[in-house]
Each structure stands twice: as structure tokens, then as C-alpha cells.
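A quick write-up on the structure given underneath.
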Amino acid sequence: MNGLLKEIAKIGIVPVITLDNINHAVPLAKALEIGGINCAEITFRTKAAKESIKAISQELPQMLVGAGTVLTIQQVDEAIYAGAKFIVSPGLNPKIVKYCIEKNITIIPGCSTASDIEVALELGLDTVKFFPAENIGGINMLKSLSAPYPNINFMPTGGINLKNISSYLNFKKVIACGGSWLTSKELIIKEDFVNITKLSKEVISAILDFELVHTCINSKDESQVNETADLFANIFGFTKREASSSVFASERLEIMKPPCHGTNGHLAIATNSVERAVYHLTKIGIGFNHKTAKYDANNNLKFIYLENEINGFAVHLLQKNN
């Protein structure tokens with residue numbers, strides 16, 4: 001994947017937006033950004049599309065704004081001129097793909113069959129749009145369709161919502177999902193940008209799906225370790241288990257013999273994607289101790305500590321086994 005696609009993958013969601021009024025473009029983009037989403041696909045279905053892309057690109061240059069529903073070479077030119085950073089099409093038109101490659105602009109064409117994917121590979125692409133996702137079989141169809149093609153990634157779009165987005169993003173070949181429910185026509189017409197920000201925050205929360213999975217308490221000496229573990233076991237009926245450097249009062253509560261990370265101990269927070277979590281938390285000012293980072297066999301970030309303690313506890317993120 002190129003740098004832009006990697007950036008989209010860290011965000012996890014590409015809002016698909018249809019605008020009839022250019023005056024809504026910038027306030028809408030700002031609402032998304034406040035909610036944690038600095039990416040948008042403006043569809044070329046309306047006369048306001050080109051000017052909306054231009055307005056967002058000029059007012060919010062940090063926003064990854066792309067052009068969607070691009071069907072002609074003329075629209076590609078108009079989108080690039082307006083400032084679009086990527087192109088999305090509902091189908092795979094080799095002529096348009098080749099033209100975008102010549103223009104050095106990222107294109108994500110729609111694919112729904114094995115033949116589509118093979119044409120995309122032949123054209124040198126490594127990422128395509130799976131469309132219309134839910135109507136052609138959803139995540140199960142995508143898993144079956146993608147099985148023979150280990151080197152292709154997908155951006156499912158069509159029928160994606162807050163309830164099913166995690167099922168798509170948990171599949172390693174999905175870089176992000178496209179969705180229009182965040183920016184419905186009704187909300188845009190009402191200029192209900194506050195609610196769009198609220199929905200944006202909700203989808204980021206669903207994408208990351210944080211869960212406290214482990215608590216570790218530091219002890220001064222070995223006698224205190226067993227005393228603490230026995231208390232938890234006796235009061236709550238937990239099963240105590242000895243380990244080399246700790247005693248588990250339960251599977252999710254560990255008492256350390258020598259003090260470990262943190263003044264009082266540490267907490268493990270699992271997430272669907274440590275990489276995405278670091279990206280989104282960094283944007284709100286959370287720092288990380290990159291010396292503690294651990295990676296899997298494919299060089300994907302799977303573990304890292306936050307830079308600062310929370311009330312005496314160190315906190316680390318941990319990759320869920322999806």
C-alpha cells in the first residue's frame with residue numbers, strides 16, 4: 001500500500017458524502033474532524049461535488065478528501081483540479097484506472113467478483129473497493145472471494161453501519177470501510193453537525209473497541225503477593241495460580257512479586273487494532289513509550305505502553321486475537 005492508503009487504514013472509516021449545497025462542505029468536514037475522522041469521500045453525483053472538494057481542500061488541507069462515484073476521465077481531471085487526494089469508483093474501468101495511475105493519483109475501484117480482482121492485480125493495484133458489500137454477501141462473501149488473493153486489500157462499502165463495521169475491520173485484508181450513515185442527507189439538510197460529530201466519535205469507539213482485560217498489582221515483597229492473592233481468592237472464590245514472577249488471583253488479576261511497570265502496577269487494554277488506537281489517541285494528545293513497542297511476525301504493532309501513568313498505574317495496549 002502507498003502512504004495515503006496506509007493513512008486511511010489507520011483511520012479505519014471513510015465517510016461517503018453526497019452534497020447538494022457547497023455551504024455544507026466545510027462545516028461537515030470540521031464536524032467529522034472534531035469527531036476523530038479526518039477523511040471523506042465526496043461523491044460526484046451532484047453539481048456541488050467539485051466545488052465542495054475544492055472548499056474542503058483549501059480550508060482543511062490536512063483532511064484526506066477524495067472523490068467518489070467517479071465514472072469518467074473528465075471527472076478524474078475535475079477531481080484532481082479541485083484538490084482530491086484519491087479517487088473511488090463503483091466499478092473497475094481499466095481506462096480510468098490507467099489514467100489515474102498516469103496522473104499519479106490513488107484510485108480505489110469497485111470489485112465484486114474474482115475477475116474484477118484479477119483485472120485490478122493486472123493493473124498493478126493492491127487495494128480495491130468491495131461493493132456493494134452487504135448486498136453481495138457481506139463479510140462471509142468477502143472472505144471467500146479474497147481467499148485466493150493474499151496480496152489484495154479491500155475497502156468494503158455499501159450497507160456498512162455501526163453494528164457491523166467491526167466484523168469487517170477484524171478481517172486483516174480490510175484496510176477501512178466506507179459508510180454513508182454518518183453523514184445522512186437528513187442530518188446534512190438540518191445542518192445537524194453536532195450529531196455528525198457524535199456519530200463520528202461513536203464509530204471510532206466501535207472501531208477501536210477498547211476492553212480492560214488484565215490488571216497487575218505490584219507488591220513490596222513475596223509475602224505480600226500471596227497475602228493479596230489469598231484475599232481475592234477467599235473473598236470472591238477466585239482460583240489462585242502461581243507463575244514464575246507473580247501469582248494470579250484470577251485470570252485477569254495478577255499480583256507481581258518484583259515490582260513491574262507502573263508505581264502501583266499496570267493495566268492491559270485490548271483493542272481491535274493497536275496501530276489504529278495509537279493513531280487516534282495520538283491525535284487527542286496521548287503519548288506513547290515507543291521503546292516498549294512489540295510487533296508480530298508481519299511487523300504489525302501488537303503491544304505498546306502509554307507514556308504516562310494513570311493514577312499510579314502504567315497502561316499498555318494489547319492486540320485482540322480477532
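A few points about this structure:
- Screening the chain for DSSP H helices whose Cα atoms reach 18 Å or more along their own axis and whose mean Kyte hydropathy is at least 1.0 gives 193-208.
- Share of pairwise Cα separations in the chain, more than 30 Å, in percent: 43 percent
- A simple spin-label model places pseudo-atoms 7 Å from Cα toward Cβ; at N2 and K185 they are separated by 3.3 nm.
- Among the listed pairs K172/K302; K50/K163; K54/K129; K240/K294; K220/K240, a Cα-Cα separation exceeding 21 Å is found for K50/K163; K54/K129; K240/K294.
- Candidates E33, E222, E59, ranked by Gaussian network fluctuation over the chain, Cα under 10 Å, top entry: E222
- Per-q log10 I(q)/I(0), segment 211-319, q = 0.23 Å⁻¹ (Debye; single scatterer per alpha-carbon; no solvent): -1.18
- Looking at segment 239-282, the GluC sites (Glu not before Pro) that sit in a DSSP loop and have at most 13 other Cβ atoms within 10 Å of their own Cβ are E251.
- Contact order, relative form, for segment 3-208: 22 percent (alpha carbon pairs under 8 Å, 6 or more residues apart, mean separation divided by residue count).
- Mean-square fluctuations from a GNM of the chain, with a 10 angstrom spring cutoff on Cα atoms, peak among E134, E122, E41 at E122.
- Only helices enter this figure: runs of n ≥ 4 DSSP H residues, each worth -39500 (n - 2.57), summed and divided by the residues of the chain, yield -10500 deg cm²/dmol at 222 nm to the nearest 500.
- Rounded Å value of the spacing that divides the Cα centres of segment 240-265 and segment 139-211: 38 Å
- Cα centroid separation, segment 50-89 to segment 14-28 (Å): 12 Å
- Loop-resident sites, segment 190-289, for trypsin sites (Lys or Arg not before Pro), counting at most 16 other Cβ within 10 Å (DSSP): K190, K220, K240, R252
- Rg over Rh, two decimals, segment 1-65 (C-alpha only, Kirkwood Rh): 0.96
- Order by protection proxy (mean Cβ within 10 Å, highest first), peptides 19-28, 229-238: 19-28, 229-238
- A simple packing score, the average count of other Cβ atoms within 10 Å per residue, orders the peptides 284-293, 144-153, 106-115, 92-101 as 106-115, 92-101, 144-153, 284-293, with the highest score first.
- DSSP beta bridges confined to the chain are antiparallel in about 35 percent of cases.
Each value in this text was obtained by applying a stated rule to the coordinates, not by laboratory testing. The model shown is predicted, which means the values in this text are computed figures rather than measured ones. Cβ coordinates were reconstructed from backbone atoms using ideal geometry, including for glycine residues, and neighbour counts include every protein chain displayed.
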